[in-house]
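Taking it in order: structure first as structure tokens, then the write-up.
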Amino acid sequence: MQRTIWFVALVLVFAPSVTQAQGGTAADEKAIRDIEARWQEAWNRHDIAAMAATYAPDSDAINLAGEWFKSRDAFEKSLEELHSGKTKGSVWQTEQTNIKFLTAEIAIVHVYVNSHGDLNPDGTPMAPRRVILTRVEVKRQGQWLIVASQATNIVPRATAMVSDPASRIAGQ
């Protein structure tokens, strides 16, 4: 009986902190969705400064080519190059945004996007594509910012398979 009382007491003491740490508020979710809306609007205006403003100064970003940019400034320079050539006429359309709060101030965000209007190196139009972004967004001094982002093209599974089954990682 005494163990049961101690167990209940511990649950009552620690349960509120666990619950609070699990999620953000409706306002937090809206703020994160607003980041993605601002990104889309900035992309479609080709407003590099507005896109970069959604990232923290110490952020990491990995683009579709697998290039790793280790600061907002470095990522911003890559966006300037990208939007002066290949994507200068592209259109970004966010299809879906999924948010999973790890704590009240940290969220994993998955964003499904379709894009069209990109150009091949020879200037011909690229086929439209779908992309998924995996982002870590944090709340700093009351403001949500992207601190990490990785972009991945969505391709048919058969084209993404590793040819040597022995070298495949379980679960892929």
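The values are calculated or read from the model by the stated rules, or taken from the named source; none is laboratory data. On a predicted model such as this, the values are computed, not experimentally measured, just so you know. As a convention, Cβ positions derive from the backbone with ideal geometry for all residues, glycine included, and neighbour counts pool all protein chains shown.
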(Q) Being under 22 Å from N153 (Cβ atoms), touching a helix residue (DSSP H, G or I) at 6+ places or on another chain (Cβ under 6 Å) and not basic (K, R): is that true of F75 here? (A) no
Q) In the range 24-51, which residues are surrounded by 19 or more Cβ atoms within 10 Å (Cβ to Cβ) and either touching a Gly at 6+ places or on another chain (Cβ under 6 Å) or closer than 17 Å to V138 by Cα (or both)? A) G24, I32, I35, E36, W39, M51
**Q.** Positions within the range 66-94 being free of Cβ contacts under 8 Å to residues at least 24 places away in the same chain and within 16 Å of the chain's Cα centre (by Cα), in sequence order
**A.** G66, E67, W68, F69, K70, S71, R72, F75
**Q.** Hits in the range 114-144 - residues which are surrounded by 14 or more Cβ atoms within 10 Å (Cβ to Cβ) and either among the polar types (S, T, N, Q) or touching a helix residue (DSSP H, G or I) at 6+ places or on another chain (Cβ under 8 Å) (or both)
**A.** N114, S115, T134, E137, K139, W144
Q) Does K86 count as closer than 17 Å to A65 by Cα, among the basic types (K, R) and at pLDDT below 95? A) yes
Q.
Consider the range 20-32. How many of its residues are of a type in the set (S, T, N, Q) and either assigned to a helix (DSSP H, G or I) or at positive phi (or both)?
A. 2
Q: Output yes when any residue across the range 33-46 is in contact with a strand residue (DSSP E or B) (Cβ under 7 Å, 6 or more places away or on another chain), among the β-branched types (V, I, T) and assigned to a helix (DSSP H, G or I), and no when none is.
A: yes
Q.
Could you check the range 114-152 and list, in sequence order, the residues that are free of Cβ contacts under 8 Å to residues at least 60 places away in the same chain, within 21 Å of S84 (Cα to Cα) and of a type in the set (V, I, T)?
A. T124
Q: Residues being in a strand (DSSP E or B), under 23 Å from N44 (Cα atoms) and hydroxyl-bearing (S, T, Y): count how many of those fall in the range 86-116.
A: 4
